[in-house]
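The structure under discussion appears below in the form of structure tokens.
Readers should treat all values here as calculations from the given coordinates under stated rules, not as data from a laboratory. Everything quoted here is computed from the prediction, not taken from an experiment. For neighbour counting, all protein chains shown are included, and Cβ atoms are generated from backbone atoms with ideal geometry for every residue, glycine included.
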Amino acid sequence: MMIRLKEYFEEIFGDSKDTRIFFAPGRVNLIGEHTDYNGGHVFPCALNFGTYGIARKRKDDKVKFYSRNFPKLGVIEFNINDLKYVSEHDWANYPKGVINIFKESGYQIGRGLEVLFYGNIPNGAGLSSSASIELVTSVMLNELFNFHIDMISMIKMSQRAENQFVGVNCGIMDQFAVGMGKKGKAILLDCNTLEYRYSDINLKDASLVIANTNKRRGLADSKYNERRQGCERALKQLKEKLDISSLGELTEEEFEANKYLITNEIDRKRAKHAVYENRRTLKAVKALENGDIEEFGRLMNESHISLRDDYEVTGKELDTLVELAWQQEGTIGSRMTGAGFGGCTVSIVKNDKIDKFIEEVGKKYEEAIGYKASFYVANIGDGAREIMI
């Protein structure tokens, strides 16, 4: 891969002298969906595939970006001192936004860059290709310009780039999982305090299987911000009586006793999901740490039902994949993962049933939806870093 990246770079920029290579993974969230911006807990892990960036500094103030994933857009060029969101720059607004936030934060980037990006995360699959490109850019800037910034700070700046520059009001989970991932472990993260701990993913005789609906989903264009606003309205009404700063602080019992304060029925459903999903995540991690994979799987199933019925972010494709997964022998649990409206599911499947699972679910999904799903047996990898050759 490293040799190929250098060859790709040379095709676009002439030679690969003085280049360095960086990597940031994709991520999958095992449970705890749409809880991150509601001050709750999430339980993601980094994957062993993601976004590569091969880069070098220029002697002038031009920035030249090229992506092997979007070759038709060619080299996207702009000035390091003129960092504006330009819709025609498409994907390049994500790394450009990171540069902008670094500069706003006081870091001096006085020279331009040449960067070739290559990602093997399926675009729009909900495995966090946007956070991956943000973190690979953050690590790249940090190392090339010797800023000595710690990873948590880079995670926060990457989130700000997506919120403020790109305009997607995401929580911090994606960037955190991509930056802080560890091989073989998932992260229980309190999105209110950023307290976290690692948990071993010991699935015994089972593995994680990711299924991509192959329905494209653009986060910025989706109803993500709408769901967030519904939760914010619900929180505002609950705060008329309760001394809380986020929905994640409530137990199920506290929510049920006070839900009458939320006057809009749809907002009430959205808030119910946020509260119950947060508690479900804590129970699921406890079950996993106690070796009770079956209970973890049952809570995954419950999570999907809540996302389908209360948060209403699943849709036909995700529901079809999950319901087919539930029907298969050897499936311990299955749910949508990511923002929804397309993207992926994550399932825990007994190892000796994985081939049959992929064959059966794949066949029936294509019959129901009219096009194929893609399947990946997930390996859990490390977070964003420079790759030393």
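Can you give me the relative contact order of the chain as a percent, contacts being Cα pairs under 8 Å and 6 or more apart?
On the way: 804 pairs, mean separation 93.5, N = 389.
Value for the chain: 24 percent.
Do me a favour and compute the ellipsoid semi-axes for the range 26-70 from its Cα gyration tensor, root of five times each eigenvalue, largest one first, whole Å.
Numbers: eigenvalues 237, 42, 17 Å².
That gives 34, 15, 9 Å for the three semi-axes.
In Å and from the alpha-carbon atoms only, list the Rg and Dmax of the range 242-353.
15.3, 50
So how long is each side of the range 53-112 along the principal axes, counting just the alpha-carbon atoms, biggest first, in Å?
Result, largest extent first: 34, 23, 17 Å.
Please list, by residue number, everything in the range 119-148 whose backbone N is under 18 Å from a paramagnetic label point 7 Å out along Cα→Cβ of Arg4.
Within reach of a label on Arg4, which here means backbone N under 18 Å from a point 7 Å along Cα→Cβ, the range 119-148 contributes 119-123.
Determine the relative contact order of the range 47-144: mean sequence separation of Cα pairs under 8 Å and six or more apart, normalised by residue count, in whole percent.
On the way: 140 pairs, mean separation 44.3, N = 98.
With pairs under 8 Å counted, the relative contact order is 45 percent.
Between Lys103 and Glu312, what is the label-to-label distance in nm when each label sits 7 Å out along the Cα-to-Cβ direction?
4.2 nm
Per residue and in cubic angstrom, what volume does the convex hull of the Cα atoms of the chain have? Walk me through the intermediate numbers first.
Values: hull volume 55.6 nm³, N = 389.
So the per-residue Cα hull volume is 143 Å³.
Between Asp200 and Glu88, what is 0.36 nm times their sequence separation minus the Cα-Cα distance? Round to one decimal in nm.
Working: separation 112, 0.36 × 112 = 40.32 nm, distance 4.27 nm.
Fully extending the segment from Asp200 to Glu88 adds 36.0 nm.
Given springs between every Cα pair under 10 Å in a Gaussian network model of the chain, which of His148, His273, His34 has the largest fluctuation?
His148
Membrane-span-like helices in the chain: DSSP H runs reaching 30 Å or more (Cα, own axis), mean Kyte hydropathy at least 1.6? Walk me through the numbers on the way to the answer.
Values: long enough: 265-289 (36 Å, -1.14).
Long hydrophobic helices here: none detected.
Order the peptides 53-64, 292-303, 234-245 from the highest to the lowest mean number of other Cβ atoms within 10 Å of their residues. Can you show the working numbers first?
Details: 53-64: 17.2, 292-303: 20.0, 234-245: 15.2.
Final packing ranking: 292-303, 53-64, 234-245.
May I ask you to sort Ile152, Ile121 by Cβ crowding, counting other Cβ atoms within 10 Å and putting the fewest first?
Working: Ile152 15, Ile121 23.
In increasing order of surrounding Cβ atoms, one gets Ile152, Ile121.
List the equivalent ellipsoid semi-axes of the range 42-171 in whole Å, largest first, each obtained as the square root of 5λ for an eigenvalue λ of the Cα gyration tensor.
Semi-axes, largest first: 21, 18, 14 Å.
Between Glu265 and Lys356, how many nm apart are label points set 7 Å from Cα along the C-beta direction?
About 4.3 nm separates the two model spin labels.
Calculate the radius of gyration of the Cα atoms of the range 293-355 to one decimal place, then report Dmax, the largest Cα-Cα distance, as a whole number, both in Å.
11.1, 34
Work out the length of the dipole vector of the chain about its Cα centre, built from +1 on the beta-carbon of each Lys and Arg and -1 on the beta-carbon of each Asp and Glu, and round it to the nearest 20 debye.
Working: 54 positive and 57 negative charges, 157 e Å.
With Lys and Arg at +1 and Asp and Glu at -1, about 760 debye.
Sort the following peptides by mean Cβ neighbour count (other Cβ atoms within 10 Å, averaged over residues), highest first: 132-139, 361-368.
Working: 132-139: 30.8, 361-368: 16.4.
Going from most to least packed, we get 132-139, 361-368.
Efficiency by 1/(1 + (r/R0)^6): what FRET value for Ala257 and Ser207, r their Cβ-Cβ distance, R0 = 45 Å, to the nearest 0.05? Walk me through the numbers on the way to the answer.
On the way: r = 41 Å, r/R0 = 0.91.
The computed FRET efficiency comes out at 0.65.
Would you please give the FRET efficiency between Ile244 and Gln164, computed as 1/(1 + (r/R0)^6) with r the Cβ-Cβ distance and R0 = 35 Å, to the nearest 0.05? All intermediate terms of the calculation are to be shown ahead of the outcome.
On the way: r = 26 Å, r/R0 = 0.74.
Here the calculated transfer efficiency is 0.85.
Would you mind working out the magnitude of the charge dipole of the range 33-126 relative to its Cα centre, with +1 at each Lys and Arg C-beta and -1 at each Asp and Glu C-beta, to the nearest 20 Debye?
Values: 12 positive and 10 negative charges, 105 e Å.
Taking the Cα centre of the range 33-126 as origin, the dipole is about 500 debye.
Which one, Gln159, Gln175, Gln328, has the greatest fluctuation when you compute a Gaussian network model over the chain with C-alpha springs under 10 angstrom?
Checking each option, the largest mean-square fluctuation is seen for Gln328.
Take every Cα pair under 8 Å in the range 2-198 that's 6+ residues apart, average their separations, divide by the length, and report that relative contact order as a whole percent.
Values: 371 pairs, mean separation 56.3, N = 197.
Relative CO of the range 2-198 lands at 29 percent.
log₁₀ I(q)/I(0) of the range 173-308 at q = 0.09, 0.16, 0.22 Å⁻¹, via Debye over equal Cα point scatterers, no solvent, to two decimals?
Listed by q, the Debye log ratios stand at -0.33, -1.03, -1.43.
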